[in-house]
Amino acid sequence: MRRSTVLTRRRFVGLLAVVSGGLLAACQQQPAAPAKPAESKPAESKPAESKPAAAAPAATNAPAAKTEAKPAEAAKPAADAKPAAGAAPAGTLTIAQGIDPDTLDPQATASAAVWSITLNIYDTLLTRDKEGKLQPGLATSYKSIDDKTWEIKLRDGVTFHNGEPFNADSVKYSIERVLDPATKAVMASTLNTIGEVQIVDPLTVRLVTKAPDPSLPSRLSMNYGHMLPPKYAKEVGPEGVAKKPVGAGPYKFVSWQKDEAVTLEAVPGHWREPKVKTVVFKPIPEGAARVAAVKTGAVDIAAAIPPIDFESIKNGDKTTGIEVTSNRAFLMNLDTINFEPFKDKRVRQALNHAVDVDAIIKNTLNGYGKRLASSVIPECFAYNASIKPYEHNIDKAKALLAEAGFPNGFDVQLDSTDGRYPQDKEIATVVAGQLAKVGVNVKVQTFEWGSFYDGVQAKKRAPIHDIGMSTELFDPDNTFSTHFHSGRGTIWARWKNDEFNQLADIGRTTLDEAKRREALMKAQLIQHDEAPMIFLQQITYLYGVNKRVKGFEPTNLEPIIIWSASVS
């Protein structure tokens, strides 16, 4: 009996290491070896107050290593490292994004562009480095108590920007706020496996899950894991949180002029060592305008540079370009529930055969993007490399449409974002033109992000609409549970398949790595065959950066981390 328990724990920790720490190395189809939790520790630093700076947190989660698994501590604080002395934050950094925030309440939106701002105001229990590995945040360590309980140790001495202390009460309030239907957290499914938040002492909490949940620590690093000050949040209510956020991050909120700018100011002495004093996020929807802004020096960093302009940015006298393969899949979501033609999978397959994705990547994205065969990116755990993209075959597409009873095609609307994703509206136009060749007449309508997202939440988007699906956890469960599982109440799911749901459930709750891998790989086969989306490409993020900016290291997650950057 005891031996059985030990083995279970080994598998559990090995799986944890795969899911949370070493996913980039552990993907593909090779089973990950049991991992030994990292012994290195993050800086046990004192936040805020008068002490300047702190050494950057060291890695706490080792990649899936070829070492013996060891239960319990999955992340530990590093030694007793003390903050190193550093210069006071100075200068102003201006960042251009394609959209303006719809809210600054991190728990009320799924927008990564909003996350770029809130990530610097708030803080999460855990975070990720540029390679996607989990790092400590407001938590200094975590460990499994049993198959359903995670114990988390909190960073001592942290205060929110309004002076409230960060402690176990804050964690309990913040997580329960996400789970409260009144919050309308559209991604609440990321944390809804939590059944109870137990306070052990002011700096220790236990998260008790409804079923084994090996990837919960990873999900705590997402924007839904932002910690809020309970007293302030209760006093100002949702409207106040949305307009005047107060967090415990390295930057505090200063002002928000709608459609003009969001301004933040560094918190001196914060343990994350912010180097720039003032940071301004400016919404510039037009790609060409963002290019011009960074070339002229009007902004220091421009996100989502149009691919056609990237070389000129990269080789500019005053600018350079940074290219990052993202964790985001760009797809066309199909309404298989309400739109009659899409209820037949042969129609959905026909659309995948009709769209020439390689041509889109070559001609519309200037080669920046990688074709996908499903919604799962190759860097993910349990990625099924045996699945090949749909062949571009007009005759086959026409034959499938005829078999499904649509030999003359049909009319349909496509709703597209404008400026949210690289060349999004241009891709929508190309897709429409390609579908017309098989008789499917597509009317394209474009929307700025806020309006588009409102329509998604109200379930009023057209039978085809685009979506950039992020996989922050590098695990198919990330999107299967939030975008495809029809029983989890997500706003994106427009497809129901019981077998897929069952396999996704196994992927979320099973601790046996081999069984979990098998289920997730099979689920990808079903998704590919059922084609509830037109599978397009893995997005490449392109940034334009003024050469006066130093230390800006974008991650394969879209949110922009700015505390490591400085300006000369």
>> Sorted from largest to smallest, which semi-axis lengths in Å does the alpha carbon gyration tensor of the range 324-469 give for its equivalent ellipsoid, taking the root of 5 times each eigenvalue?
In response: 22, 20, 15
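Per the 1.4 Å probe, what fraction of the accessible area of the range 346-427, in percent, lies on carbon and sulfur atoms? Show your work: numbers first, answer last.
Working: 1390 of 3110 Å².
Its accessible area is 45 percent carbon and sulfur atoms.
Kindly flag which residue pairs out of 148/231; 295/550; 184/234; 172/244; 133/234 have an alpha-carbon separation exceeding 25 Å in this structure. Intermediate values should be presented prior to the final figure.
Working: 148/231 30 Å; 295/550 16 Å; 184/234 16 Å; 172/244 22 Å; 133/234 34 Å.
Table pairs above 25 Å Cα-Cα are 148/231; 133/234.
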> With labels modelled as points extended 7 Å from the Cα through the Cβ direction, what inter-label distance (nm, one decimal) is found for residue 243 paired with residue 317?
Replying inline: 4.6 nm
>> What distance in nm separates the two pseudo spin-label positions at residue 147 and residue 87, each 7 Å out from Cα along the beta-carbon direction?
In response: 5.5 nm
> Accessible area per residue, 1.4 Å probe, Å², for the range 124-221: what's the number?
Replying inline: 33 Å²
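FRET efficiency for residue 338 and residue 437, Cβ-Cβ distance as r, R0 = 30 Å, nearest 0.05?
Details: r = 26 Å, r/R0 = 0.85.
According to the calculation, E is roughly 0.70.
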> residue 438: accessible area at probe 1.4 Å, nearest 10 Å²?
Replying inline: 10 Å²
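Would you work out if the range 203-319 is rounded, prolate or oblate? Take a ≥ b ≥ c from the square roots of the eigenvalues of the alpha-carbon gyration tensor; rounded if a/c is under 1.5, else prolate when a/b is larger than b/c, oblate otherwise. Please list the in-between numbers first.
Working: a/c = 2.26, a/b = 1.70, b/c = 1.33.
Note, shape of the range 203-319 comes out prolate.
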> Can you give the relative contact order of the range 483-568 as a percent, counting alpha carbon pairs under 8 Å and 6+ residues apart?
Replying inline: 16 percent
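Quick one: pull the percent of accessible area on the range 200-288 belonging to carbon and sulfur, 1.4 Å probe, ligands and nucleic acids left out. Walk me through the numbers on the way to the answer.
On the way: 1860 of 3380 Å².
Percent of accessible area from carbon and sulfur atoms in the range 200-288: 55.
Pop out the carbon and sulfur fraction of the accessible area of the range 98-149 as a percent, whole number, probe 1.4 Å. Please report the intermediate quantities before stating the final value.
Details: 450 of 1000 Å².
Using a 1.4 Å probe with all protein chains present, the range 98-149 comes out at 44 percent carbon and sulfur.
Counting other Cβ atoms within 10 Å of each Cβ, which trypsin sites (Lys or Arg not before Pro) in the range 233-332 have at most 16 and sit in a DSSP loop? Spell out each step's value before the answer.
Working: sites: 234, 243, 252, 258, 272, 275, 277, 290, 295, 314, 318, 328; in loops: 258, 272, 275, 277, 318.
Hits after loop and neighbour filter: 258, 318.
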> Nearest 0.05, what FRET efficiency do residue 395 and residue 457 give at R0 = 35 Å with Cβ-Cβ as r?
Replying inline: 0.35
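With a cut-off of 8 Å between alpha carbons and a minimum separation of six or more residues, what is the relative contact order of the range 450-521 in percent?
The normalised contact order for the range 450-521 reaches 21 percent.
Starting from the range 187-260, pick out the GluC sites (Glu not before Pro) whose DSSP state is loop and whose Cβ has at most 16 other Cβ atoms within 10 Å.
Working: sites: 196, 235, 239, 260; in loops: 260.
Qualifying residues, ordered by number: 260.
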> Dipole of the range 428-504 (Lys/Arg Cβ +1, Asp/Glu Cβ -1, origin at the Cα centre): which of 446, 485, 501 lies farthest to the positive side?
Replying inline: 446
> Can you give the FRET efficiency for residue 180 and residue 498, using 1/(1 + (r/R0)^6), R0 = 30 Å, r = Cβ-Cβ distance, to the nearest 0.05?
Replying inline: 0.50
> Which whole-number percent gives the relative contact order of the range 129-182, counting Cα pairs below 8 Å spaced six or more residues apart?
Replying inline: 20 percent
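With every protein chain kept in place and ligands, DNA and RNA left out, what is the accessible area per residue of the range 392-544? Probe 1.4 Å, answer in Å². Before the final figure, lay out each step's value.
Details: 5290 Å² over 153 residues.
On a per-residue basis, 35 Å².
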> Between residue 199 and residue 288, what length comes free when the chain is fully extended (0.36 nm per residue of separation minus the Cα-Cα distance, one decimal in nm)?
Replying inline: 26.9 nm
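Please list the equivalent ellipsoid semi-axes of the range 103-159, computed as the square roots of five times the alpha-carbon gyration tensor eigenvalues, in descending order and whole angstrom. Walk me through the intermediate numbers first.
On the way: eigenvalues 113, 38, 33 Å².
Sorted largest first and rounded, they come to 24, 14, 13 Å.
The values are calculated or read from the model by the stated rules, or taken from the named source; none is laboratory data. Nothing here was measured: the structure is a model prediction, and the numbers come from that model. So basically every Cβ, Gly included, is an ideal-geometry build from the backbone, and we count neighbours across all protein chains shown. Surface accessibility is based on the protein's heavy atoms, side chains included, excluding ligands, DNA and RNA. Shrake-Rupley method; radii C 1.70, N 1.55, O 1.52, S 1.80 Å.
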